[in-house]
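Before any comments, here is the structure.
The values are calculated or read from the model by the stated rules, or taken from the named source; none is laboratory data. Only a predicted model underlies this, so the values are computations on that prediction, with no experimental measurement involved. Counting neighbours? That spans all protein chains shown, and the Cβs are built from the backbone with ideal geometry, glycine included.
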Amino acid sequence: MPQPLWKVSEIFYSIQGEGKHTGMPAVFLRLAGCSMGCAWCDTKYALAGGKEMNNLEVLVELSKYPCKTVVVTGGEPTEQDLPALVSVLKSAGHIVHIETNGANDCDVSKADFVCVSPKKYVSENMLKKADVIKIVVNEKTDLEDLKKYYNYENEKTTVYLQPESNKEENITLCVKLVKEHPSARLSVQLHKLINIK
Ligand code: SF4
């Protein structure tokens, strides 16, 4: 059977800048391709194309870094065979975090951590599987509609509100929202504040 080929936008070692694991070193495996088409997408370079890499090539690249935590992101990782990729990474001893828009109901049971960041639409099943539901907030956010995500909060799942592009007005809004709903958390994009990738 031919080995799966992954479309990879980039692999790089950095610091997680968002959400629950902010400040934690991780290798980022950014898969290419996403059909969601968000106007303010900050990874437009990863929406199509990508370098084709097989399992071994991906694992060799990851092995260049002294960190076993791999954040599989995109693009949108569920637009490729994400369960198979997670199995490959877990078999090689990696701790696997997933960042997805949650539009596609996908088996993420083997991953160690799942962050769902809903955009234009999201699968309810994926919200139930999330460790973190991360909502990007800006002036166009429907603040009544946003409250529906609070229904998914439980011992496993936390809602994070993230100001779009770290804009001051969005930060002010998120601070207000978190203070109104104190089980939610603020996620400011640390990597952009300190100007790292
Ligand atoms: S879902 Fe994420 S990667 Fe896809 S277009 Fe929207 S912001 Fe970009």
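For the range 45-60, enumerate the residues that are more than 14 Å from A32 (Cα to Cα) and among the acidic types (D, E).
Listed by number, the list holds a single entry, E57.
State whether the residues of the range 88-101 include one that is closer than 26 Å to N54 by Cβ and free of Cβ contacts under 8 Å to residues at least 12 places away in the same chain.
So in the range 88-101, the residues closer than 26 Å to N54 by Cβ come out as 88-101.
Filter once more, keeping what is free of Cβ contacts under 8 Å to residues at least 12 places away in the same chain: 91.
Yes: one or more hits.
Let's see how each residue does on (1) surrounded by fewer than 20 Cβ atoms within 10 Å (Cβ to Cβ); (2) over 15 Å from the mean Cα position of the chain (by Cα):
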| residue | (1), (2) |
| --- | --- |
| K7 | yes, yes |
| E10 | yes, no |
| Y13 | yes, yes |
| E18 | no, no |
| H21 | yes, no |
| R30 | no, no |
| G49 | yes, yes |
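So for the range 26-37 (the condition being under 30 Å from A184 (Cα atoms) and modelled with pLDDT under 95), does at least one residue qualify?
Yes, that holds for at least one residue.
G49 fails exactly one of the following numbered conditions: (1) within 11 Å of the ligand (Cβ to nearest atom); (2) in contact (Cβ under 8 Å) with a residue 40 or more places away in the chain. What is the number of that condition?
Answer for G49: the failing condition is (1).
Output the residue which, of all residues in the range 93-118 that are among the charged types (D, E, K, R) and more than 12 Å from the chain's Cα centre (by Cα), is nearest to the ligand (Cβ to nearest atom). Show your work before the answer.
The first filter runs over the range 93-118 and keeps only residues among the charged types (D, E, K, R), leaving 99, 105, 107, 110, 112.
From what is left, the residues that are more than 12 Å from the chain's Cα centre (by Cα) are 105, 107, 110, 112.
Numbers: D105: 16, D107: 20, K110: 22, D112: 21 Å.
Per the stated criteria, the residue is D105.
Any idea which of K129, K197 is under 17 Å from the mean Cα position of the chain (by Cα) and modelled with pLDDT under 95?
K197
Quickly run through the range 96-119 and pick out the residues that are acidic (D, E) and in a strand (DSSP E or B).
Taking the range 96-119 as the starting set, the residues that turn out to be acidic (D, E) are 99, 105, 107, 112.
Of everything in the range 96-119, just one residue is acidic (D, E) and in a strand (DSSP E or B), namely E99.
Within the range 178-197, which residues are over 18 Å from T157 (Cα atoms) and either surrounded by 10 or more Cβ atoms within 10 Å (Cβ to Cβ) or among the basic types (K, R) (or both)?
K179, E180, V188, Q189, L190, H191, K192, L193, I196, K197
Quick one: would you say C41 is part of a loop (DSSP other than H, G, I, E, B), surrounded by 13 or more Cβ atoms within 10 Å (Cβ to Cβ), at pLDDT 95 or above and of a type outside the set (G, A, S)? Before the answer, list the steps.
On the way: part of a loop (DSSP other than H, G, I, E, B): yes; surrounded by 13 or more Cβ atoms within 10 Å (Cβ to Cβ): yes; at pLDDT 95 or above: no; of a type outside the set (G, A, S): yes.
No; evaluated as a whole, the condition is false for this residue.
Would you tally the residues in the range 154-187 being under 16 Å from H21 (Cα atoms), free of Cβ contacts under 8 Å to residues at least 40 places away in the same chain and not charged (D, E, K, R)?
Of the residues in the range 154-187, 5 are under 16 Å from H21 (Cα atoms), free of Cβ contacts under 8 Å to residues at least 40 places away in the same chain and not charged (D, E, K, R).
Return a yes/no flag: does the range 134-153 have any residue that is of a type in the set (A, V, I, L, M), over 28 Å from F12 (Cα atoms) and free of Cβ contacts under 8 Å to residues at least 12 places away in the same chain.
Narrowing the range 134-153 to residues of a type in the set (A, V, I, L, M): 135-137, 143, 146.
From what is left, the residues that are over 28 Å from F12 (Cα atoms) are 143, 146.
If we keep only those that are free of Cβ contacts under 8 Å to residues at least 12 places away in the same chain as well, we get none.
No - not one qualifying residue is present in the range 134-153.
Residues of the range 82-104 being of a type in the set (D, E, K, R) and either in contact with a Phe, Trp or Tyr (Cβ under 8 Å, 6 or more places away or on another chain) or within 22 Å of G19 (Cα to Cα) (or both), which ones?
Keep residues of the range 82-104 that are of a type in the set (D, E, K, R), which gives 90, 99.
Across the range 82-104, the qualifying residue is only E99.
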